[in-house]
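Colleague: The structure follows.
The values are calculated or read from the model by the stated rules, or taken from the named source; none is laboratory data. Because the structure is a prediction, the values reported are computed rather than measured. Virtual Cβ from ideal backbone geometry, glycine too; neighbours counted across all protein chains shown. The area values use the complete protein model at the heavy-atom level, side chains included, leaving out ligands, DNA and RNA. Shrake-Rupley method; radii C 1.70, N 1.55, O 1.52, S 1.80 Å.
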Amino acid sequence: MNSERDLYRGLLRDEALMANLIQSLIDVLVVVDRDAVVQFINRAGEDLLGHPSSELVGQPVGAIVTDENLQFFRAIRELMTTGESRHCDLELVTRSGEKIPATFNGSVLRGPGNRIEAVVGVIRDVREIRRLVRELEDAKVGLENTVQKRTRELAAAKTRAEQAYEELKTAQAQLIHAEKMSSLGQLAAGVAHEINTPIGFVGANLRTLREYVWDLLQLAAGYEGLLGAVERSDFEAARGEAERGRALAQRLNARALLEDLAHVATESEGGLNRVRRIVQDLKAFSRSEEQEQTSVDINEGVESTLAIARNELKYKAEVIKELGPVPAILGYPQQLNQVILNLLVNAAHAFDERTKTSVEGDGSPSKGTIWIRTFLRGEAVVLEVEDTGCGIAPEHMAKIFDPFFTTKPVGKGTGLGLSISYGIVRKHSGTIEVESHVGQGTRFRVVLPVQAPAADETEKPGEEPERRAA
Amino acid sequence: MDAIEVLLVDDEPDYAETMAFWLKAKGYRVTTAADGHEALAKLSERLPRIVFLDIMMPGMDGIETLRRIRRSHGALPVIMVTAYASDERMGEAEQLGAVGFFQKAADFSVAARLIDRALHDLKQRKAAS
Ligand SMILES: Nc1ncnc2c1ncn2[C@@H]1O[C@H](COP(=O)(O)OP(=O)(O)OP(=O)(O)O)[C@@H](O)[C@H]1O
Ligand SMILES: [Mg+2]
């Protein structure tokens, strides 16, 4: 231990070694005397400044620092007076005039009598550090800019998204309205036809009735003559009148006429009832959004919707109603009618591709069948619309409730029917289930709880109604 | 080239020493005096090429010292050192032939330029006369 330490001390005392150490420093080591004259500079200093030591020693230190280094001179002066070490920034000038940023760490050398004789400065070239700092600063600024830019972009995107959302909301509201209108528009022609038919036969019946009345008036006139002859006890005349009357009655087929008369009257009454019914249904259907929930009879809804859609359906499918006794539920009748209508129209459209190709034994195209059923299942009213149409391809199953998903040609389907129905059913706390087999048919089942929570208008995201596919 | 000799007259030792060190660092030879009397004494011993003279000193102030320098040393270039950018005594100093003003707050490099200009002017005047 001891001998090692001694060896180390010996080494330190070795002046050649010390000189070597100083010369090998990476930092510049410079000694400046009280008169600001350079007394020593190491190799690092020579290399950095481009002067050989011989050119620098004996020169005023001002030869290697720029004039702007007030704090450097102040630091040296303070060092000289106080003896306390000082630190400051400094700018060096090389032989070629290049200015080099540096830091200066000064301490004092004392001579005999503890007098401060010189300043020993360690000067470090900070170009690399400055460069790194600048790079870091640039990177920081770049980063800040990027962050700001991203923040702006995000804010803009958010605004855009919000705008888009608002636009979508308005558009959706408009579309819902438009959808309803277009359904009505599509149906208007059918409704006109529905009304025209009874009006047509009621008119024809009226013409028939007028003829019948004419005939009856003739008969009545004959009876009048017969009555007069009997009253006068002119039996000859009476016989003649009776003869004429019988002949007339025979000619007019009075018995059949009387029978038909009753029939035509009943039929006309029925026709007028049909017109009245259609007008009532239309009124019910087109009434603007109901504000309040009312008690809804689903069966009534089915009837009025069928009346509206009859024309759309009747050439495509036979509609079989199986309406069970169901309690009234609390809800929005017009909206539920719209659900029923959408399901019925979809079912009717499901025959568009099929009916034309499938032919029954007698050669006439087979009409499809649509069942519309209502029944009570537990605490819920179930409405089923089942068809023997084309079915839904399994890959479409997940999408059919998406707005604008449609497999129908432009003009025939907007793809809104089911998504709107979905929203309406959800509003009634209900669910829609689908079961479908391609080529065989489809069954939509709407389940509506009897005790629908009142005013369940607030949309709860994530609370999706059940979608079930077979 | 011989070092230019500068006499620095200032009663503030901190400032005088810092400026002296800077002038030395720039290769000037510098002697200092702490007041007007010491300055006149130093001048009688050895004549510098140029004098920096603080305008405001206790006892004999810069103006009085300048007046006496003019009497004893004729055209010796004197630069007045002032604490402020303007000083009411500056006009007086100018009349007494001060060749420039150096503000204490200014960069020392300004002092170097003032010296150069003063010596250049002196040479031209000498050449002209
Ligand atoms: N009963 C069904 N049989 C076969 N496919 C159906 C049936 N119901 C719905 N679909 C399929 O689901 C899709 C979406 O139906 P939806 O009612 O939402 O829109 P749409 O009927 O195409 O258009 P819109 O109802 O707006 O006029 C339909 O295009 C169809 O492919
Ligand atoms: Mg549809």
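Colleague: What does the average come to when, for each residue of peptide B:13-20, you count the partner chain Cβ atoms lying within 10 Å of its Cβ?
Modeller: Values: counts 1, 4, 2, 1, 7, 9, 2, 4.
Mean partner shielding for this stretch: 4.
Colleague: For chain B, what is the relative contact order in percent, using Cα pairs closer than 8 Å and at least 6 residues apart in sequence? Provide the component values of the computation, followed by the final result.
Modeller: Numbers: 180 pairs, mean separation 25.9, N = 129.
With pairs under 8 Å counted, the relative contact order is 20 percent.
Colleague: Count the net charge of all other residues whose Cβ sits under 13 Å from the Cβ of A:GLY270, scoring Lys and Arg as +1 and Asp and Glu as -1.
Modeller: On the way: positive: A:ARG274, A:ARG276, A:ARG277; negative: A:GLU267, A:GLU269.
Here the charged neighbours net out to +1.
Colleague: Also, I was wondering about something else. Can you tally the net charge around A:LEU343? Count Lys and Arg as +1, Asp and Glu as -1, for every other residue whose Cβ sits under 11 Å from the Cβ of A:LEU343.
Modeller: Local charge sum for A:LEU343: -1.
Colleague: May I pose another question? Is there a simple number for the mean count of other chain Cβ atoms within 10 Å of the Cβ of residues in B:22-35, and what is it? Before the final figure, lay out the partial values.
Modeller: On the way: counts 12, 4, 10, 17, 8, 7, 3, 2, 2, 0, 0, 0, 0, 0.
Across the residues of B:22-35, the mean count of other-chain Cβ atoms within 10 Å is 5.
Colleague: May I ask which of A:LYS314/A:LYS408; A:LYS367/A:LYS427; B:LYS24/B:LYS123; A:LYS158/A:LYS399; A:LYS99/B:LYS26; A:LYS99/B:LYS24 have a Cα-Cα span longer than 25 Å here? Each step should come with its number before you reach the end.
Modeller: Details: A:LYS314/A:LYS408 20 Å; A:LYS367/A:LYS427 35 Å; B:LYS24/B:LYS123 23 Å; A:LYS158/A:LYS399 27 Å; A:LYS99/B:LYS26 17 Å; A:LYS99/B:LYS24 21 Å.
Cα-Cα > 25 Å for A:LYS367/A:LYS427; A:LYS158/A:LYS399; rest within.
Colleague: Also, I was wondering about something else. Would you mind checking which residues have amide H under 5 Å from A:LEU109's amide H? H placed 1.01 Å from N; only 5 or more apart, or other chain.
Modeller: Amide H neighbours of A:LEU109, under 5 Å, 5+ apart: A:GLU117, A:ALA118, A:VAL119, A:VAL120.
Colleague: Do any residues of segment A:26-51 show a loss of at least 10 square angstrom of accessible area between the isolated chain and the full protein assembly, using a 1.4 Å probe, and if so which?
Modeller: Checking the loss per residue gives A:ARG34, A:ASP35, A:ALA36.
Colleague: Provide the per-residue ³J(HN,Hα) series for segment A:122-137, in order, calculated from phi with Karplus coefficients 6.51, -1.76, 1.60 and θ = phi - 60°, each as a whole number of Hz, with x at glycine and proline positions.
Modeller: Coupling constants for segment A:122-137: 9, 10, 10, 5, 10, 4, 5, 4, 4, 4, 4, 4, 4, 4, 4, 4 Hz.
Colleague: Further question: Tell me, what ³J(HN,Hα) does each residue in segment A:147-156 have, in order and in whole Hz, if you take phi through Karplus 6.51 cos²θ - 1.76 cosθ + 1.60 with θ = phi - 60° and put x for Gly and Pro?
Modeller: 4, 4, 4, 4, 4, 4, 4, 5, 4, 4
Colleague: Treating only the Cβ atoms of Lys and Arg (+1) and Asp and Glu (-1) as charged, compute the dipole magnitude of segment B:5-128 about its Cα centre; round to the nearest 20 debye. Numbers along the way, then the final one.
Modeller: Numbers: 17 positive and 19 negative charges, 172 e Å.
Dipole size: approximately 820 debye.
Colleague: Could you tell me the ratio Rg/Rh of the protein assembly as shown? Both radii from Cα atoms, Rh via Kirkwood. Don't skip to the answer; put the middle values down first.
Modeller: On the way: Rg = 59.5 Å, Rh = 37.1 Å.
Looking at the protein assembly as shown, the ratio lands at 1.61.
Colleague: Among A:423-431, A:79-87, B:72-80, what's the highest-first ranking by average C-beta atoms within 10 angstrom per residue?
Modeller: Result, highest mean Cβ count within 10 Å first: A:423-431, B:72-80, A:79-87.
Colleague: Also, quick follow-up: How large a share of the accessible area of chain B, in percent, is made up of carbon and sulfur atoms when the probe is 1.4 Å and the other protein chains stay in place? All intermediate terms of the calculation are to be shown ahead of the outcome.
Modeller: Details: 3300 of 6470 Å².
C and S fraction of accessible area: 51 percent.
Colleague: Three principal axis extents, largest first, for the C-alpha atoms of segment A:29-90, in Å?
Modeller: Over segment A:29-90, Cα extents along the principal axes are 31, 20, 17 Å.
Colleague: Next question. Considering only DSSP beta bridges with both partners in the protein assembly as shown, what is the antiparallel share in %, to the nearest 5? Walk me through the numbers before you get to the answer.
Modeller: Values: 55 of 81 bridges.
If we restrict to bridges inside the protein assembly as shown, about 70 percent are antiparallel.
Colleague: Sort B:104-111, B:33-40 by packing, meaning the average of other beta carbons within 10 Å per residue, with the highest value first.
Modeller: Working: B:104-111: 15.8, B:33-40: 19.2.
Answer by packing, highest mean first, reads B:33-40, B:104-111.
Colleague: Okay, moving on. Summing -39500 (n - 2.57) over the DSSP H runs of n ≥ 4 in chain B and dividing by its residue number, what mean residue ellipticity at 222 nm do you reach, to the nearest 500 deg cm²/dmol? Mind dumping the intermediate values first?
Modeller: Numbers: 5 runs with 62 residues, N = 129.
Taken over chain B, the calculation gives -15000 deg cm²/dmol.
Colleague: Related question: Using only C-alpha atoms and all pairs of different ones, pull out the Kirkwood radius for segment B:5-128 in Å with one decimal.
Modeller: On the way: mean 1/r = 0.0699 Å⁻¹.
14.3 Å is the Kirkwood radius here.
Colleague: Another question, then. Pop a pseudo-label 7 angstrom from the Cα along the beta-carbon direction at both B:TYR84 and A:LEU258 and give the gap in nm to one decimal.
Modeller: 14.2
Colleague: Under a plain spin-label model, where a point goes 7 Å from the Cα along Cα-to-Cβ, how far apart in nm are A:ARG43 and B:HIS120?
Modeller: 4.4
Colleague: Would you mind giving the mean number of other chain beta-carbons within 10 Å of the Cβ of each residue in B:107-115, as a whole number? Before the final figure, lay out the partial values.
Modeller: Numbers: counts 4, 6, 6, 1, 1, 2, 1, 0, 0.
Average neighbour count from other chains, rounded to a whole number: 2.
Colleague: Using +1 at the C-beta of Lys and Arg and -1 at the C-beta of Asp and Glu, which of A:ILE400, A:TRP371, B:MET60 has the Cα lying farthest in the positive direction of the dipole of the protein assembly as shown?
Modeller: The residue sitting most towards the positive pole is B:MET60.
Colleague: Another question, then. Could you run the Karplus curve 6.51 cos²θ - 1.76 cosθ + 1.60 with θ = phi - 60° over segment A:254-260 and give me ³J(HN,Hα) per residue in whole Hz, x for Gly and Pro?
Modeller: Values per residue, Gly and Pro as x: 4, 4, 4, 4, 5, 5, 5 Hz.
Colleague: Please give the total accessible area that chains A and B bury against each other, computed with a 1.4 Å probe and expressed in Å² to the nearest 100.
Modeller: Numbers: alone 28150 and 7170 Å², together 33980 Å².
Using a 1.4 Å probe on protein heavy atoms, the buried area is about 1300 Å².
Colleague: Next up: A:VAL450 versus A:ILE195, label points 7 Å from Cα toward the beta carbon: distance in nm?
Modeller: Placing both labels 7 Å beyond Cα along the Cβ direction yields 3.9 nm.
Colleague: Still on this structure, I have one more. Any idea of the accessible area per residue across the protein assembly as shown, 1.4 Å probe, to the nearest Å²? If you can, show how the numbers build up before the last one.
Modeller: Numbers: 33980 Å² over 599 residues.
Solvent-accessible surface per residue comes out at 57 Å².
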